[in-house]
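Contents: one structure, followed by commentary.
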Amino acid sequence: MNRSRVTLALGVLLVGVAVGTVLTAVLGRDGASSAGEAGPGLFRDEHIVFRSLKRGPDQGRVAYAAPNAVQNRVLAGPRCLRVAAQAGRAVCLRDGGVPGRPYEVVRLDDRLREADDEPLAGVPSRARVAPDGRHFATTVFVSGHNYISLGFSTETVVYDGKKGRPLANLEHFTFLLNGAKDGSVDRNVWGVTFAADSNVFFATVAVSGRTYLARGDLSRRTLTALRENAECPSLSPDQTRVVYKKRVNETSQDAWRFYAFDLRTGREWPLGETRSVDDQVAWLDGERVMYAVPKAGGGRTTADIWIAPLDGGRPRLLIPDADSPTLVGGDV
């Protein structure tokens, strides 16, 4: 894998993010309807929290639905470009709406009401909340940040989940590759997924034209490479498996394929989803993952949420006109 492949991967991801950004800009933050709030059972019972993309004044709003009644979506919270939820809190990456603050991350409480916010350094891309809610992470695209060509790269920051304040920029962590400290200056980190203790996490690290699945440690400020060619990981509820995107082709139309990786045995296998999907999956349960697939319709680009089983079975549509799903409540 060479530098051009990493650049292409970042470029395709940026295009996908740009689509959501344009939708939000067209709708306008100031024109949003009243946010409202979620019911008291949102985090107590199992719900999928996601971004609703149904056409209308509420397009882009946070929504939630029970997994067994996904047709009954409830709108609550603000309009976002990306949303993630867990352990009684959620985060919304959105348009900042004021000069000098183009984007921001907003921490939401257990009723999806806005608690506080922090500026973001670039275009929102990924977000995750730790299972215990102690931390959350954001990934954005920034310009002129390092030596990756085309003038853009990523910045990933971990925050205090309770106070909403930045704790660490993962690009500053020590990266261990093949047991030795890597001093590459063109490093990028993106796509965090937290373990149950909120200290250990997994992420993508790109250096010298290659991408790696890395295990991170917040207390030690380290990132340790586990295997090459893995992007946007998502850790299973039982902490034993990771699903990630693996680059299988050079062209953007069929660049990626979802793979599962067993952290105990080292076994890797492909999922049944054969389309090239640029998303970080979220787990619906111990054997199925959710992800957004862009679609065109009515002169606009939107997306649907699909699910795929880990056993290689066929994927199926779960929630139309939606993206950015995470599961809350239950045993997650």
(message) Looking at segment 248-258, can you tell me whether even one residue there is open to solvent by 10 Å² or more (accessible area, probe 1.4 Å), assigned to a strand (DSSP E or B) and touching a residue at least 24 places away in the same chain (Cβ under 8 Å)?
(response) no
(request) Taking only segment 270-291 into account, find how many residues are farther than 15 Å from Glu231 by Cα and either at pLDDT below 95 or open to solvent by 10 Å² or more (accessible area, probe 1.4 Å) (or both). (result) 9
(request) Take the residues in segment 45-96 that are out of contact with any Leu (no Cβ under 6 Å at 6 or more places or on another chain), part of a loop (DSSP other than H, G, I, E, B) and among the charged types (D, E, K, R), then tell me which one is most open to solvent (accessible area, probe 1.4 Å). (result) Arg55
(message) Take Thr265 and tell me if it is farther than 21 Å from Ser324 by Cβ, open to solvent by 20 Å² or more (accessible area, probe 1.4 Å) and in a loop (DSSP other than H, G, I, E, B).
(response) yes
(message) If a residue must be touching a Ser or Thr at 6+ places or on another chain (Cβ under 9 Å) and not in a strand (DSSP E or B), how many such residues does segment 164-178 contain?
(response) 3
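The values are calculated or read from the model by the stated rules, or taken from the named source; none is laboratory data. None of the values given here were measured: they were computed from a predicted structure. All Cβ positions, glycine included, derive from the backbone under ideal geometry; neighbour counts span all protein chains shown. When the accessible area is computed, the model is the full protein with side chains, heavy atoms only, and any ligands, DNA or RNA have been set aside. Shrake-Rupley method; radii C 1.70, N 1.55, O 1.52, S 1.80 Å.
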